[in-house]
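Quick note: the coordinates plus some simple rules give every number you see, no bench work behind them. Remember, it's a predicted structure, so these values are computed and weren't measured experimentally. So basically every Cβ, Gly included, is an ideal-geometry build from the backbone, and we count neighbours across all protein chains shown.
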Ligand code: SF4
Ligand code: SF4
């Protein structure tokens, strides 16, 4: 991939930017990245690469990441947002790829939570709580893909400082990518808004979707279109 280092305020044409990336996006394996929008698949692949690089850095600095399968405290306590383009992808995944039993499980979970009136910390609506698994794992948003911690968080650990280390480490890997994920995100959001040009040097500041802000009724509405004939694989466990 050609090096891409935006310097200063510089406008790029959205259409040409995506043309240049088309051949890279076409090579991304669909099994691991089943996204309808292949440029979001590319964005998520870049984020996963940042995460891998960050893990290596953490090991070198003797602060290995402790995130692993079934570790889900961050899904309860972290701020969980996604861009609009990523949220569209989640919606598509729910409709087209997710196994029907996972959808039913989510629906039951939402029903219980809605009727519990509990003051407990609100988990991400897409977390399968009994398994500690992400039901939308392949299309989980950028923030979830980059989250890493050098000390184990637990559901009892409600201090927001629990995630400081991961944010610090994520920033280290970010700048070393030949194509910065934030630049691609900016281009995707500009495309969604129908803009012809975008400024790659700026961090994306577009409207975000707060996944925890959705009502259970709204979420159920999203699931209604799930076909009973779905044969997709069971959701993969959290594995960062
Ligand atoms: S940030 Fe890592 S260690 Fe903390 S809960 Fe999430 S997966 Fe586990
Ligand atoms: S989208 Fe998945 S990984 Fe992200 S917070 Fe929700 S359950 Fe956890």
Fill in: Protection proxy ranking, peptides 76-89, 52-65, average beta carbon neighbours within 10 Å, highest first
76-89, 52-65
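Run the numbers on region 12-223 and let me know its relative contact order in percent, using alpha-carbon pairs under 8 Å that are six or more apart.
On the way: 252 pairs, mean separation 72.3, N = 212.
Computed over region 12-223, the figure is 34 percent.
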